[in-house]
Amino acid sequence: MAERRGSAVVATALMMCLGVLFHCKVAEAATYTVGDAGGWTFDMVDWPKGKNFHAGDILVFNYTPGTHDVVVVDESGYNSCTSPSGAKVYQTGKDQIKLVKGQNYFICDYPGHCQSRMKIAVTAT
C-alpha cells in the first residue's frame, strides 16, 4: 500500500511540474523583427502573412531615425494613411511594440511612405 501511495505522490508531483512548464511556454511572448533583415521599409503590407501573432508578442521596428517613424493607428488611419491627433509615434529606429489582442495597425507617416505600402496590419489572438 505504501508503494502505491509513493507512486501517486511522484505522479502528482510530475504532473504539477509539467503543468508549470506548459504554463511558462504558453506565457512566453515571441519577438518578430518587422521586415526581417531588411527592417521597416517600403512595401511591408504582406510581411505579416503566414505568421501567427499573439497578444503580448513584440514587434521590433528597425530603421534609420530621421528617415522613418512608426505610428500606431486604427483601421481608418491605416486605410487612409493618416495619423490621428494624439497617436503614439515611435522614432528611435529600434522601436519595440507589444501587440494587443485583435487588430494592430502601424504606418510610417513621413510624406508618401504609407502610400508606398510602408504599413502593416497585424491580427493577434
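Here, each number is a calculation from the coordinates, and none is a lab measurement. Treat the numbers as computed from the prediction; the structure is a model and nothing was measured.
Of the listed pairs K51/K101; K98/K119; K51/K88, which have alpha-carbon separations greater than 20 Å here?
In this structure, K51/K88 lie more than 20 Å apart at Cα.
Specify the inter-centroid distance of the range 80-113 and the range 49-73, based on alpha-carbon positions, in whole Å.
About 8 Å separates the Cα centre of the range 80-113 from the one of the range 49-73.
If I take all pairs of Cα atoms in the range 29-124, what percentage of them are more than 22 Å from each other? It would help to have the intermediate numbers written out before the result.
On the way: 765 of 4560 pairs.
Looking at the range 29-124, the distances longer than 22 Å represent 17 percent of pairs.
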